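J.: First the structure, then my questions, so here it is.
The values are calculated or read from the model by the stated rules, or taken from the named source; none is laboratory data. Just so it is clear, the model here is predicted, and its values are computed rather than measured. Counting neighbours? That spans all protein chains shown, and the Cβs are built from the backbone with ideal geometry, glycine included. In case anyone asks, the SASA skips ligands and DNA or RNA and just uses the protein heavy atoms, side chains included. Shrake-Rupley method; radii C 1.70, N 1.55, O 1.52, S 1.80 Å.
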Amino acid sequence: MSSTNIDKRLPVGIENFSEIRTNGFYYVDKTSLIRDLLNAWRKVNLFTRPRRFGKTLNMSMLKAFFEIGCDKSLFDGLAISRETGLCDAYMGKFPVISISLKSVSGRDFSSACSILRSVIGSEALRFQFLLDDENLTDKEKGLYSQLTNVDTENTESFLMTDSVMKGSLRTLSFLLQKHYGSKVIILIDEYDVPLAKAEENGYYDEMVDLIRNIFDQALKTNESLYFAVMTGCLRVAKESIFTGLNNLNVLSITSARFDEYFGFTDQEVQSMLGYYGLMDKYTEIKEWYDGYRFGNIDVYCPWDVISYCYELTWDSSAMPKDYWSNTSGNDTVRHFIEKSDRGSTRSEIEALIAGETVTKEIHEDLTYNRLYDSIDNIWSVLFATGYLTQRGRPDGKWYQLAIPNREVRNIFTDQIMAMFRENVAKDGESLNKFCDALQTGDASEVEKQFGAYLLRTISIRDTFVQKPTKENFYHGILLGILGYKDGWDVKSNRESGDGFSDICIKIEEDDIGIIIEIKYAENRQLDAECREALKQIDEKAYVSELKSDGYRTIYKYGIACFKKKCRVLCELEPCI
């Protein structure tokens with residue numbers, strides 16, 4: 001399908017509501033969020049959702065609706081436009097302060113503060129008309145100037161002091177209220193990013209103190225505040241930065257309220273696929289990108305659906321791939337696997353990867369400097385950040401957790417295999433024992449060493465995807481081992497003879513060739529599967545290339561596996 005055949009373009013990477021609506025992009029209508037936010041009135045609202053689930057776009061939508069001077073036509077035909085009473089009372093009636101803290105990062109506290117000054121100062125610059133307001137006193141205009149004062153030699157560097165920065169949002173709220181005669185709406189997107197970055201770089205306590213002071217003054221003691229909305233990935237414990245903020249309304253992924261406004265529902269995905277003529281891809285998209293449970297509703301990751309549909313509009317044969325995992329690091333999964341040395345946790349990870357559920361107690365109030373203190377905390381982090389989701393109904397704080405979809409499962413399996421390869425590289429003795437046995441036809445020792453590798457790693461069973469590819473895990477383990485053997489030419493699934501051998505090895509220095517065929521013993525008949533593998537090598541003539549290349553010694557291996565058990569048989573190919 002050519003992109004010229006459709007009226008509306010897909011908004012890949014566009015998080016600005018006005019841009020989407022003005023420039024003819026496809027928009028999944030989430031404007032009923034405005035109605036519910038106003039009807040379920042709370043002074044300060046915090047939405048926590050995983051990354052790439054539409055938080056920033058929704059914040060942009062709120063700003064476009066409430067801000068004085070807004071373009072009301074942006075909402076024509078959308079759900080909120082049918083709420084005429086609310087539109088008359090609230091649309092375009094408020095000064096709005098809108099900041100995003102997603103860029104507030106730095107190797108030290110000073111550099112992070114510099115970015116935060118820039119974020120707040122740049123927002124304050126939108127209101128330069130305050131300097132011409134006759135209702136403001138010279139002192140009040142001076143307060144505004146402190147927010148927007150920049151370095152004459154570097155106009156991107158704001159000079160507000162720490163004390164001014166701590167009260168900056170409250171000060172700006174006061175000035176805007178006096179100018180407009182209306183209280184202010186404050187929108188703070190990705191409120192917890194500065195805390196996450198501070199913990200990574202060693203200045204967490206300083207950043208907590210700063211953010212706490214800004215929030216206290218802006219959200220707790222601010223008489224100019226009408227209401228506020230914040231978004232983030234984690235619900236940070238109140239004693240961390242929300243001390244004394246009794247009016248905080250937390251709407252996490254476990255909340256039934258507002259559950260359909262972040263992420264795409266199944267109906268919304270089907271409507272999009274129907275619009276672009278992609279309904280034949282529905283099953284694949286559901287398998288890869290659905291499966292998240294927010295409150296009482298199942299949702300897809302919007303970033304994934306839009307990204308994949310965009311590729312399909314240009315190439316109808318495009319295959320699903322990992323979009324969400326490529327937008328950020330996956331350190332949480334790595335920390336989780338690293339701490340899974342307890343037998344029970346390893347078994348639980350294997351169960352999750354196999355598509356099963358694990359019941360865990362979830363703590364939603366966390367602090368960033370304690371996220372990885374224990375494996376129990378990490379379960380909660382994985383749940384909050386979208387690597388795990390809930391199934392069924394919780395029992396108090398106890399949730400049935402599962403990997404949501406195939407894309408996230410790939411994150412786990414990729415991290416497991418990466419860590420396995422790292423461990424192989426560190427253990428040269430085991431590597432040499434395995435490879436020495438392999439090139440001498442010692443099937444018993446190959447079986448012993450390969451079995452030891454299987455016991456040391458987390459099994460990846462493919463029951464999750466319901467496809468006959470269970471050999472892939474064992475194939476990957478073998479490649480992970482063989483990839484560190486110097487001087488060996490290792491090819492995987494290379495065309496040879498009448499088909500494809502799983503692994504073909506050429507050891508030119510010793511004039512040795514090796515063919516390996518791997519089977520998964522579904523019925524636990526390991527010996528029978530080994531013989532079947534050897535039979536397949538002969539029937540498919542997998543050794544023909546090695547023979548044509550003149551190798552004088554060729555070993556054929558049949559390897560059968562079931563969970564963490566393996567059986568290895570070897571035959572020597574007759575060569576002239």
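J.: Take the eigenvalues of the Cα gyration tensor for the chain, scale each by 5, and report the square roots as semi-axes in whole Å, largest first. Numbers along the way, then the final one.
T.: Working: eigenvalues 625, 136, 94 Å².
Rounded to whole Å, the semi-axes are 56, 26, 22.
J.: On to the next question. Can you give the log10 of the normalised intensity I(q)/I(0) at q = 0.08, 0.09 Å⁻¹, computed with Debye over equal Cα scatterers of the range 129-268?
T.: For the range 129-268 at q = 0.08, 0.09 Å⁻¹, log10 I(q)/I(0) is -0.29, -0.36.
J.: Quote the Stokes-Einstein diffusion coefficient, in whole µm² s⁻¹, for the range 50-168, based on the Kirkwood radius over alpha carbon pairs, a temperature of 37 °C and a viscosity of 0.692 mPa s.
T.: D, rounded to a whole number, is 196 µm²/s.
J.: Here's a follow-up. Label residue 524 and residue 544 with points 7 Å out from Cα along Cα→Cβ: what is the distance between them in nm?
T.: About 3.9 nm, to one decimal.
J.: Please compute the Cα-Cα pair-distance distribution of the range 512-576 with 10 Å bins starting at 0, giving whole percents from short to long.
T.: That works out to 24, 48, 22, 6, in percent per bin.
J.: So how much slack lies between residue 163 and residue 12, counting 0.36 nm per residue of separation and subtracting their Cα-Cα distance, in nm?
T.: Details: separation 151, 0.36 × 151 = 54.36 nm, distance 3.96 nm.
Length difference between fully extended and current span is 50.4 nm.
J.: Of the accessible area of the chain, with the probe set at 1.4 angstrom, what percent is carbon plus sulfur?
T.: Details: 11000 of 24970 Å².
Carbon with sulfur: 44 percent of the solvent-accessible area.
J.: Using alpha-carbon pairs under 8 Å, 6+ residues apart, how would you state the relative contact order of the range 305-424 in percent? Numbers along the way, then the final one.
T.: Numbers: 110 pairs, mean separation 33.0, N = 120.
Relative contact order comes out at 27 percent.
J.: So how many Å³ per residue does the convex hull of the Cα atoms of the range 227-296 work out to?
T.: On the way: hull volume 8.1 nm³, N = 70.
Expressed per residue, the convex hull around the Cα atoms of the range 227-296 is 116 Å³.
J.: Filter the chain for me: DSSP H helices, axial length by Cα at least 24 angstrom, mean Kyte-Doolittle hydropathy not below -1.0. List them by residue number. Let's see the in-between values first.
T.: Working: long enough: 406-426 (30 Å, -0.41).
Length and hydropathy pass: 406-426.
J.: Which value does Rg/Rh take for the range 322-412 over its C-alpha atoms, Rh per Kirkwood?
T.: Numbers: Rg = 12.4 Å, Rh = 13.4 Å.
With Rg and the Kirkwood Rh in hand, the quotient comes to 0.93.
J.: What is the magnitude of the charge dipole of the range 279-410 about its Cα centre, with +1 placed on the Cβ of each Lys and Arg, -1 on the Cβ of each Asp and Glu, and no other charges, expressed in debye to the nearest 20?
T.: Details: 15 positive and 22 negative charges, 46 e Å.
Charge dipole, the range 279-410, about its Cα centre: 220 debye, nearest 20.
J.: Let me ask something additional. Percent of alpha carbon pairs in the range 114-170 separated by more than 18 Å?
T.: Values: 454 of 1596 pairs.
The share of Cα pairs beyond 18 Å in the range 114-170 comes to 28 percent.
J.: How large is the accessible surface of residue 527 in square angstrom, using a 1.4 angstrom probe and rounding to the nearest 10?
T.: 70 Å²
J.: Could you give the distance between the Cα centres of the range 400-451 and the range 306-380, to the whole Å?
T.: The distance from the Cα centre of the range 400-451 to that of the range 306-380 comes to 20 Å.
J.: Return one whole number: the accessible area per residue of the chain in Å², for a 1.4 Å probe. Present the calculation step by step, with values, prior to reporting the outcome.
T.: Details: 24970 Å² over 576 residues.
Solvent-accessible surface per residue comes out at 43 Å².
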